[in-house]
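The values are calculated or read from the model by the stated rules, or taken from the named source; none is laboratory data. Fair warning: this is a prediction, and the values are worked out from it, not measured in the lab. Glycine gets a Cβ as well: all are built from the backbone with ideal geometry, and neighbour counts include every protein chain shown. The protein model used for the area step is the full one, side chains on, heavy atoms only, and it has no ligands, DNA or RNA in it. Shrake-Rupley method; radii C 1.70, N 1.55, O 1.52, S 1.80 Å.
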Amino acid sequence: MVTGDAYDKLELELRRGVVVLAALSQLHTARYGYELRQSLSENGMPIEEGTLYPLLRRLESQGVLTSEWRTDGGPPRRYYVLSTAGHELYGRLTSAWQGLNNTMDLLLKGGERHEP
Amino acid sequence: MNPDDLIQNYVDDVARLLPRGQRRDVAFELRALLTEELAAKAAESGRPADEAMARELVLAFGRPAEAAARYHPGLNVIDPADSRRFLRLTLIGLAVIWLLGLVDILRRPLATDPLTVLGTWWTSYGLGALWWPGAPPATSYGLGALWWPGALVAGFAAAAWFRRSRPERAAWEPRRRRDRDHVNRFGYLAVIAAAICGLLLLFNPGAILDFFWNGRAAASAYRALALDEDFTSSRAPWLVALLSLQLALYAVLIVRGRWQPLTRRIDIGLTFAGCAFLTWLLGGGIFAAEPADQTAKAFIVLIVIAYLIDAGVKLRRELGRAAYLPSA
């Protein structure tokens, strides 16, 4: 019997694989870190702040995102948005994800057929 | 503590660990984000933000070192894949150094009571050298045994750097398969002949002097190579017995032409027995003259080190063979 602890770890591994694509999907319009986290959470993809905020910086340093400080009458916030290279990367990652998703559907259906 | 101060405290600790170029900007953003998260938490719970709430928030974010590491590409001095090997080599090396160090201390004239022996060992070969650098033994032996992990770190770091900078040259290559069980009969015959000659010369050292100087070598040269009486009467028979067993094993190998599981295991046992015996030899005199005795013992220490390495490699190889068998 697989323990709950093992399930949690494996589920986290699965989620880790899609964190980047999930974040990119919400950055066609400029958002700041907390706003992005809320948006992902509302769409059923909660990501820990300790994972998401540094990820935005790393993606920016890789040229996937661009960012700027805005005040808009409130406290200063750093807004992130997909760069041109980021749009291209998003398209490729989306295709890869869909291909992977189809493959996994086939594999999982095959697995169900073989269950005793 | 005020929750804002606690967040500022945490952000300062994270920022300190970031590259200087991104420190201020990341710190400013992180503080803003954590403040916003805290306000959201407070609104959700229906009470004003307090220290406990702020503490829970930053603890969930991770240790400052972990948080900082997520902001920039990590630097691994030793590849994580090498960690277990590094740890194993470190522990084996330290154990060998400490063991040889203990043997060295035990054969000193002042090694009388166990506490003195342990104290001397601790402040020379042991870790104590680091904590008690003023002690005379520590200054003569440097940093005890800790040079070994240091050397390993440097070696593993250089290997990791080489793999990262020239991945094409560091790619894995299959080894040419060697038949390790094949026995070189002439080689083993030569070893037997050399061992017998060595024994004859050890017990009749004058022969070598007569051979080279035609019987006209100085009397002091004969005295220098004279064996210690205690060695001849009590320890030499054991030396002959152990060597005879080893040579008998080689003779069997010459006849059979191949190593077999039993002969491999006997060889490992004899190698460890040889180590133990040679270590025992260090405890007493071998040659009557002090300079010859010290030189011989220095060679014996080198032989013990080589034997230990050899025995370790053979044992590891033998256990590896067993590991490839199907488990029950």
* What spacing in nm lies between the two simple spin-label points modelled at B:Ala251 and B:Asp179, each 7 Å away from Cα in the Cβ direction? -> 2.6
* Structure fact -> Inter-part gap, Cα centre of the stretch B:241-314 to Cα centre of the stretch A:48-116, in whole angstrom, is 63
* Net dipole in debye of the protein assembly as shown [+1 Lys, Arg Cβ; -1 Asp, Glu Cβ; about Cα centre; nearest 20] -> 1920
* Asked: B:Lys41: which lysines have alpha carbons under 24 Å from its alpha carbon, excluding same-chain residues fewer than 8 sequence positions away?
  -> none
* Asked: Counting partner chain Cβ atoms within 10 Å of every residue's Cβ in B:33-40, what's the average?
  -> 4
* Asked: When only Cα pairs under 8 Å and 6 or more residues apart are kept, what is the percent relative contact order across the stretch B:208-290?
  -> 52
* Run the numbers on chain B and let me know its relative contact order in percent, using alpha-carbon pairs under 8 Å that are six or more apart. => 12
* Dipole-positive endmost among B:Leu91, B:Ala40, B:Gly257 within chain B (Cβ charges, Cα centre) -> B:Gly257
* Structure fact -> Note on chain B: helices (DSSP H) long enough, at least 24 Å by alpha carbon along their axis, and hydrophobic enough, mean Kyte-Doolittle at least -0.5, are B:20-45, B:83-106, B:147-165, B:185-203, B:236-256, B:261-281, B:290-323
* **For residues of A:50-57, the mean tally of beta carbons on other chains within 10 Å** => 6
* **Spacing of the two label points (7 Å from each Cα toward its C-beta) at B:Arg166 and B:Asp230, in nm** => 5.5
* Asked: Modelled label-to-label distance, B:Trp213 and B:Ile309, 7 Å Cα→beta-carbon offset: nm?
  -> 3.5
* Protection-proxy order for peptides B:170-178, B:304-312, each taking the mean of Cβ atoms within 10 Å per residue, highest first -> B:304-312, B:170-178
* **Computed magnitude of the charge dipole of the stretch A:4-114 (debye, nearest 20; Cβ of K, R +1, Cβ of D, E -1)** => 240
* Structure fact -> The distance between the Cα centres of the stretch B:47-77 and the stretch B:153-207, in whole Å, is 51
* **Shielding of B:70-78 by partner chains, average beta-carbon count, 10 Å** => 2
* Asked: Put B:Glu318, A:Glu35, B:Glu56, B:Glu229 in order of accessible area, largest first, 1.4 Å probe: what do you get?
  -> B:Glu229, B:Glu56, A:Glu35, B:Glu318
* chain A - mean residue ellipticity at 222 nm from DSSP helices (-39,500 (n - 2.57) per run, n ≥ 4, rounded to 500) -> -21000 deg cm²/dmol
* Structure fact -> Taking chain B and counting helices only, DSSP H stretches of n ≥ 4 at -39,500 (n - 2.57) each over all residues, the nearest-500 ellipticity at 222 nm comes to -23000 deg cm²/dmol
* Which shape class, rounded, prolate or oblate, goes with the stretch B:206-284 when its Cα gyration tensor gives a ≥ b ≥ c as root eigenvalues, a/c under 1.5 marks rounded, and past that a/b bigger than b/c marks prolate? -> oblate
* To do: Before anything else, pin down the relative contact order of the stretch B:1-54: Cα pairs under 8 Å, at least 6 apart, normalised by residue count, whole percent.
  => 48
* Asked: How big is the protein assembly as shown by Rg and Dmax over its Cα atoms, in Å?
  -> 34.5, 108
